[in-house]
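> Have a look at the structure that comes next, please.
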Amino acid sequence: MGAFRTSLQREIRHFGQSRLLVTSAIILPVVMTVLYVLMFWKGTVHDLPIAVYDGDRTELSRQLVRMLDATPTAEVAFETESIGQGRDAMERGEVNALVVIPRGLQANILSGTGGAQISAEISGARILNSGLLKRDITTVFQAFNIGVETQMLGAKGIPAAKGYAMAYPVAMDKHILFNPYGSYAYYLLPGLLFVMLAITVSLVTVYTVGGELKNGTAAEWVETAGGSITRALAAKLTPYLLLFGVLSLFISTLLYRFMGLPFQGTHAAILVLGNLLFILAYMAIGVMLVAVTANMRFSLSMAGGLATASLSFCGLTFPAIAMYPAIAALAKLFPLTYFIDIFIEQSLRGAPLARSLGDIAALGAFTLAMAILMPRLKKVALEPKYYGKD
């Protein structure tokens with residue numbers, strides 16, 4: 001125990017004397033966390049600018065324009081004089097969509113001859129924006145059609161309630177579970193925050209462990225721990241595990257208390273355990289890279305690349321079910337994949353606790369894999385030929 005305490009004091013002293021470590025492990029993660037939270041503070045996308053060409057200029061067409069402007073996603077920023085002017089605005093990126101209301105819309109509707117066709121041209125340059133606009137503009141068109149049909153039936157003496165049932169005979173009762181508001185803060189923000197934590201954990205771990213080789217102090221590091229590489233590594237990682245554990249709790253506090261994320265589960269402890277195992281898993285990856293390569297610079301590059309790539313492979317931005325099977329299998333090599341599963345199941349879905357046990361075990365497996373490489377790490381630490389490499 002005395003050797004562990006001595007080693008622990010050595011690591012704490014080293015951390016306090018390193019501006020780079022203090023900045024990388026505390027200041028930058030906190031600043032980035034706050035910036036991400038502010039970025040997603042609204043949660044959903046609102047008031048995307050669209051253009052409208054109203055060729056009819058009637059009360060009915062103006063009602064449609066007001067309905068488009070009243071949607072949460074769209075804001076009628078321009079009423080253009082021509083269709084070409086609206087398309088030019090789309091090409092310049094000033095608007096995300098152009099709605100074209102043809103001349104004779106009201107006359108055709110009132111005459112009952114039909115033939116009135118409203119068109120919407122939506123820019124697909126930004127998939128998120130186009131998807132939201134397509135949904136809301138389609139909803140407006142459907143509501144507009146039902147309203148017009150109901151009014152026409154009312155003019156024939158049919159009561160409004162019956163007219164509505166005739167215009168909309170099959171109603172859909174839609175219920176969106178787990179994220180009813182479509183908030184990106186509910187699923188994308190946690191992913192970004194924890195991938196930022198993964199990058200920080202990986203790089204700091206590689207820097208602290210690999211720095212012993214680069215500075216030629218690895219033998220002293222092991223000797224201070226009584227010759228035990230396990231004790232030496234435990235003493236080195238313990239302060240950072242506590243530090244990053246507090247950072248993960250800070251992130252969770254912002255998500256649940258200030259961003260309003262729901263917690264549907266019954267055991268908050270499973271998320272805390274998931275946080276700690278997630279941190280340990282990326283620490284383990286950093287240690288294994290140093291043990292295998294014995295090169296701090298190369299390990300830093302690999303650790304940063306793997307942690308960054310985990311956001312793409314975890315299925316958060318693109319569903320794993322749509323990936324090629326080989327790529328979906330590759331996603332299982334990233335700890336973030338299992339952590340995101342735990343987060344969604346326990347926080348948003350309220351799944352049974354047993355559903356997350358497999359993900360917990362998978363995160364723990366990364367730490368066990370690190371234990372297998374302990375002899376290799378000790379060999380590298382005690383061999384002067386590995387010292388001084390970048």
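The values are calculated or read from the model by the stated rules, or taken from the named source; none is laboratory data. Computed from a prediction, not measured in an experiment: that's the story for all the values here. Note that we place each Cβ from the backbone using ideal geometry, even for glycine, and neighbour counts take in every protein chain shown. Each accessible area value is taken on the protein alone, full model and side chains, heavy atoms only, with ligands, DNA and RNA left out. Shrake-Rupley method; radii C 1.70, N 1.55, O 1.52, S 1.80 Å.
> Sort the following peptides by mean Cβ neighbour count (other Cβ atoms within 10 Å, averaged over residues), highest first: 257-264, 245-252, 134-141. Don't jump to the answer; show the numbers that get you there.
Working: 257-264: 13.8, 245-252: 17.6, 134-141: 16.0.
Result, highest mean Cβ count within 10 Å first: 245-252, 134-141, 257-264.
> Still on this model: If the chain between TRP41 and LEU330 were fully stretched, how many nm would it gain, using 0.36 nm times the residue separation less the Cα-Cα distance?
This chain segment gains 100.8 nm when fully extended.
> Run the simple label-point estimate for ALA354 and PHE141 please: 7 Å along Cα→C-beta, distance reported in nm.
In this crude spin-label approximation the distance works out to 4.8 nm.
> Related question: Where does each of 13-25, 302-314, 218-230 land if you order them by average Cβ count within 10 Å, highest first?
Values: 13-25: 13.8, 302-314: 19.7, 218-230: 17.8.
Averaged packing, sorted descending, gives the order 302-314, 218-230, 13-25.
> Taking only protein heavy atoms into account and a 1.4 Å probe, give the accessible area per residue of the range 200-283 in Å².
38 Å²
> Calculate how steeply helix 28-39 sits against the longest principal axis of the alpha-carbon atoms of the chain, using the helix alpha-carbon long axis, and give the answer as 0 to 90 degrees to the nearest 10.
Taking the Cα atoms of the chain, the angle to 28-39 is about 10 degrees.
> Counting pairs of alpha carbon atoms under 8 Å apart in space and at least six apart in sequence, what relative contact order in percent does the range 224-383 give?
Details: 145 pairs, mean separation 50.3, N = 160.
In percent, rounded to a whole number, it is 31.
> Can you give the net charge of the other residues whose Cβ lies under 14 Å from the Cβ of TYR53, counting K and R as +1 and D and E as -1?
Working: positive: ARG57, ARG62, ARG87, ARG103; negative: ASP54, ASP56, GLU79, GLU81, ASP88, GLU121.
Within the 14 Å Cβ shell, the charges total -2.
> A further question follows. Can you show me the helix-derived [θ] at 222 nm for the chain, built from DSSP H runs with n ≥ 4 at -39,500 (n - 2.57) apiece and divided by the number of residues, rounded to the nearest 500.
-20000 deg cm²/dmol
> Please give the per residue accessible area of the range 342-390, computed with a probe of 1.4 Å over protein heavy atoms only, in Å².
On the way: 2500 Å² over 49 residues.
Averaged over the residues of the range 342-390, the accessible area is 51 Å².
> What is the distance, in nm, between label points placed 7 Å from the Cα along the Cα-to-Cβ direction at ALA3 and at ARG19?
3.6 nm
> With an 8 Å Cα cut-off and a minimum separation of 6 or more residues, compute the relative contact order for the chain in percent. Mind dumping the intermediate values first?
Working: 495 pairs, mean separation 71.4, N = 390.
Reported relative contact order: 18 percent.
> List the pairs from LYS236/LYS378; LYS236/LYS379; LYS332/LYS378; LYS42/LYS332; LYS332/LYS379 whose alpha-carbon separation is above 21 Å, in the order I gave them. Kindly include the intermediate steps, with their values, before the conclusion.
Details: LYS236/LYS378 14 Å; LYS236/LYS379 17 Å; LYS332/LYS378 28 Å; LYS42/LYS332 32 Å; LYS332/LYS379 30 Å.
Violating the 21 Å Cα-Cα cut-off are LYS332/LYS378; LYS42/LYS332; LYS332/LYS379.
> Also: When the accessible area of the chain is computed with all protein chains present and a 1.4 Å probe, what percentage of it is carbon and sulfur? Don't skip to the answer; put the middle values down first.
Numbers: 12450 of 19990 Å².
Result for the chain: 62 percent of the exposed heavy-atom area is carbon or sulfur.
> Still on this structure, please answer the following. Find the Cα radius of gyration of the range 269-360, compare it with 2.2 N^0.38 Å by division, and give the number to two decimals.
On the way: Rg = 14.4 Å, N = 92, 2.2 N^0.38 = 12.3 Å.
Against the empirical 2.2 N^0.38 Å value, I get 1.18 for the range 269-360.
> To continue, here is another question. How much area per residue is accessible in the range 94-148 when the probe is 1.4 Å and only protein heavy atoms are counted (Å²)?
Numbers: 2940 Å² over 55 residues.
Per-residue accessible area for the range 94-148 comes out at 54 Å².
> Next question, about the same structure. What is the log10 of I(q)/I(0) for the range 20-104, computed with the Debye formula using one identical point scatterer on each Cα and no solvent, at q = 0.15, 0.18, 0.19 Å⁻¹?
So the normalised log intensities are -0.63, -0.77, -0.82.
> For the range 1-100, calculate the relative contact order in percent as a whole number, restricting contacts to Cα pairs under 8 Å that are 6 or more residues apart.
On the way: 86 pairs, mean separation 28.2, N = 100.
Computed over the range 1-100, the figure is 28 percent.
> Moving to a separate point now. How big is the chain in terms of Cα radius of gyration and Dmax, in angstroms?
Rg, Dmax (Cα atoms, Å): 29.1, 97.
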